[in-house]
Amino acid sequence: MFELHHLSALEQGEWLRRGEVRPRELVEHYLERIERLNPRVGALTVVEAERALARADELERLGARSAPLWGIPLADKELVRRSGQRTTFGSRLLAEHVPTESDELVEHLDAAGAISLGATAAPEFGLPSYTESRVAPPARTPYDLGRGAGGSSGGAAAAVAAGLLPFAPGSDGGGSIRIPAAACGLVGLKPSRGRVPAGSGLEHLAGLVVAGPIARTVADAALLLDALIAAAPWPFATSAPVDPPLASGREHPHTGPLLGAAVRGEGRFQLGVTTSSPWEADTALTISPEARWALDEAVAGFAALGHGLDDLTLDPEPDYGPTFRTIWKASAAGIPAHTEAELALLEPLTAWLVREGRALPASQLAEALAWLAGFERRFIAQLTGLDAVLTPALALTPRPLGWYDPHDAERNFTQQVQYTPWTSMVNVAGLPALTLPVGLTPDHLPEPGLPMGVQLIGRPGGEATLLALGAQWERARGTARIHPPQW
């Protein structure tokens, strides 16, 4: 039986503009699903039903249907402030925090015509790559409710996968869009540093954290990203070329908004394929059979589509692990826990990062920042001659709830690296990356029936190439038609 959430976000927008569905009708549909399914999935921590319905009525009364996201529901990530809406940052420290001002990202989404239904779950201050906090229930992948949705945008991914939202904004400082997207069988797009004005990365230490979309389809991800870019107060995102010239030197086939690249899905590209990770010198890594299967499927699929593929081995980076740890610790130093009583409200991993970060000498932080800037240049130089790089999205299947060590922070951090060895290097290099679902693992593998994906890493400013590749993959593979039981 057809239901409104079966439409893609792009289709919902078209129905709204044609008057085939009203904003209130769409909001009511999703609110009913949230009430019924969210307690089991743990996707949303705040539901603002009355506020969302009033917003829907206001949009219909004003009638500005040209706004790119007019009438489409979504939800704010729990790390983003919306005036008057409880925002805990995933922490008991701020369990009753209600901001009086909204963050710029919220204002840009509102200006684009979207309707927020509330807030999606995130781990404490967005630091871990899993969404299991002490202030809210865990976010679960809808494909197996005993496993986590990943993090830190875990609630957003769980909501989209379960059909509680058509798409959702997330943020990504070390994989926090791509990890949950992969764990929930979705598309996740981390933009280039500087691409999204309200989440450019430039305001964060080492430029790691950027805002981007989580969606069921490549076109939906492009639609949301285009809306965020359109709010740019500077010319970079709006008038600069969407993509650099191809590595082959040919003229690029994509111009205009990123949605165009995602809908057309044109072009033949040169891909490097790698399982190299800069964490290899620091952490023992194992690639599961399920991750190997996903990568092999993608290699065969892109080859069948006519793309060139070359094996790529990245240069070893023995200092990457210690240096990235330095930045991660330093990024936690500003968390507003100043007394022992406040620190006691933090989870062990967060408290450890805060204490370690505040003990770092300034000289060590300066050295780490300089080293990461050098890594960015070295990493990008290795992409010469390639249009994109293909890796597994995750090294392991979605992790069981409670898998991460809740007491030993060092071991916890190592577990996160073992799960996500190919994501943080993209943030350090400021590059775009797209997570694509491959499908559910087949019965002959040790862990069947679970979503697994791959990651495409683009060249600087190369979102259009990634979206074109993703669109071709989606059409050939039919991944947009795979859904969990809650669908």
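The values are calculated or read from the model by the stated rules, or taken from the named source; none is laboratory data. Because the structure is a prediction, the values reported are computed rather than measured. FYI the Cβ positions are ideal-geometry reconstructions off the backbone, even for glycines, and counts take in every protein chain you see. For accessibility, only protein heavy atoms count, side chains too; no ligands or nucleic acids. Shrake-Rupley method; radii C 1.70, N 1.55, O 1.52, S 1.80 Å.
Residue check: is THR131 open to solvent by less than 10 Å² (accessible area, probe 1.4 Å) and part of a loop (DSSP other than H, G, I, E, B)? Please lay out each step first, then the result.
Numbers: open to solvent by less than 10 Å² (accessible area, probe 1.4 Å): yes; part of a loop (DSSP other than H, G, I, E, B): yes.
Criteria met by THR131.
Please pick out the residue among ALA54, ALA121 that is closer than 30 Å to TRP15 by Cβ, open to solvent by 50 Å² or more (accessible area, probe 1.4 Å) and of a type in the set (A, V, I, L, M). Break it down stepwise before answering.
Details: ALA121 fails: open to solvent by 50 Å² or more (accessible area, probe 1.4 Å).
Of ALA54, ALA121, the one residue that is closer than 30 Å to TRP15 by Cβ, open to solvent by 50 Å² or more (accessible area, probe 1.4 Å) and of a type in the set (A, V, I, L, M) is ALA54.
Please work out which residue is farthest from TRP371 (Cα to Cα), limiting yourself to the range 203-231 and to residues that are in a loop (DSSP other than H, G, I, E, B) and charged (D, E, K, R). Show your work before the answer.
Filtering the range 203-231 for residues in a loop (DSSP other than H, G, I, E, B) gives 203-204, 208-209, 216-217, 231.
Within this subset, residues satisfying the condition of being charged (D, E, K, R) are 203, 216.
Details: GLU203: 19, ARG216: 37 Å.
Once the filter is applied, the top-ranked residue is ARG216.
Give the residues of the range 187-202 that are small (Gly, Ala, Ser) and either surrounded by fewer than 24 Cβ atoms within 10 Å (Cβ to Cβ) or in a loop (DSSP other than H, G, I, E, B) (or both), sorted by residue number. Full working, then the answer.
At the first step, the residues of the range 187-202 found to be small (Gly, Ala, Ser) are 188, 192, 194, 198-201.
Within the range 187-202, SER192, GLY194, ALA198, SER200, GLY201 meet the criteria.
Put simply, of GLY334, GLY272 the only residue that is outside any helix (DSSP H, G or I), under 30 Å from ALA227 (Cβ atoms), out of contact with any Phe, Trp or Tyr (no Cβ under 9 Å at 6 or more places or on another chain) and not aliphatic (A, V, I, L, M) is GLY334. Take the residues in the range 17-26 that are in a helix (DSSP H, G or I) and in contact (Cβ under 8 Å) with a residue 12 or more places away in the chain, then tell me which one is farthest from PRO137 (Cα to Cα). By that ranking, first place goes to ARG17. So which residues in the range 448-470 are surrounded by fewer than 22 Cβ atoms within 10 Å (Cβ to Cβ) and touching a helix residue (DSSP H, G or I) at 6+ places or on another chain (Cβ under 9 Å), if there are any at all? Hits for the range 448-470 are PRO448, LEU450, PRO460. On the stretch given as the range 88-120, residues that are farther than 19 Å from LEU224 by Cβ and not in a helix (DSSP H, G or I) total 11. Residues in the range 367-398 that are polar (S, T, N, Q) and open to solvent by 10 Å² or more (accessible area, probe 1.4 Å) were compared, and the one that is farthest from THR313 (Cα to Cα) is THR384.
Let's see how each residue does on (1) closer than 15 Å to LEU165 by Cβ; (2) basic (Lys, Arg); (3) touching a strand residue (DSSP E or B) at 6+ places or on another chain (Cβ under 9 Å); (4) not in a helix (DSSP H, G or I):
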| site | (1), (2), (3), (4) |
| --- | --- |
| PHE2 | no, no, no, yes |
| TRP15 | no, no, no, no |
| GLU28 | yes, no, no, no |
| SER66 | no, no, no, yes |
| ARG86 | no, yes, yes, yes |
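Among residues that are in a loop (DSSP other than H, G, I, E, B), open to solvent by less than 10 Å² (accessible area, probe 1.4 Å), of a type in the set (Gly, Ala, Ser) and closer than 24 Å to ALA9 by Cα, GLY71 is included. Within the range 275-296, if we keep just the residues that are outside any helix (DSSP H, G or I) and over 23 Å from GLN382 (Cβ atoms), the residue that is least open to solvent (accessible area, probe 1.4 Å) turns out to be SER288.
A search for C-beta distances below 8 Å between a residue of the range 344-366 that is within 17 Å of PRO406 (Cα to Cα) and open to solvent by less than 60 Å² (accessible area, probe 1.4 Å) and any residue that is of a type in the set (Phe, Trp, Tyr) and assigned to a helix (DSSP H, G or I), counting only pairs 6+ apart in sequence or on different chains, returns LEU349/PHE413; THR350/PHE125; LEU353/TRP328.
Considering each residue of the range 143-152 in turn, none proves to be at pLDDT 95 or above, assigned to a helix (DSSP H, G or I) and open to solvent by 10 Å² or more (accessible area, probe 1.4 Å).
Of all residue pairs spaced 6 or more apart or on separate chains, those with beta-carbon atoms under 6 Å, a first member in the range 168-196 that is within 18 Å of ASP76 (Cα to Cα) and a second member that is acidic (Asp, Glu) and open to solvent by less than 10 Å² (accessible area, probe 1.4 Å) are LYS190/ASP172.
Here are some residues: VAL389, VAL438, VAL428. Which one is assigned to a strand (DSSP E or B) and farther than 25 Å from GLY42 by Cβ? Steps first, please.
Numbers: VAL438 fails: farther than 25 Å from GLY42 by Cβ; VAL428 fails: assigned to a strand (DSSP E or B).
Of VAL389, VAL438, VAL428, the one residue that is assigned to a strand (DSSP E or B) and farther than 25 Å from GLY42 by Cβ is VAL389.
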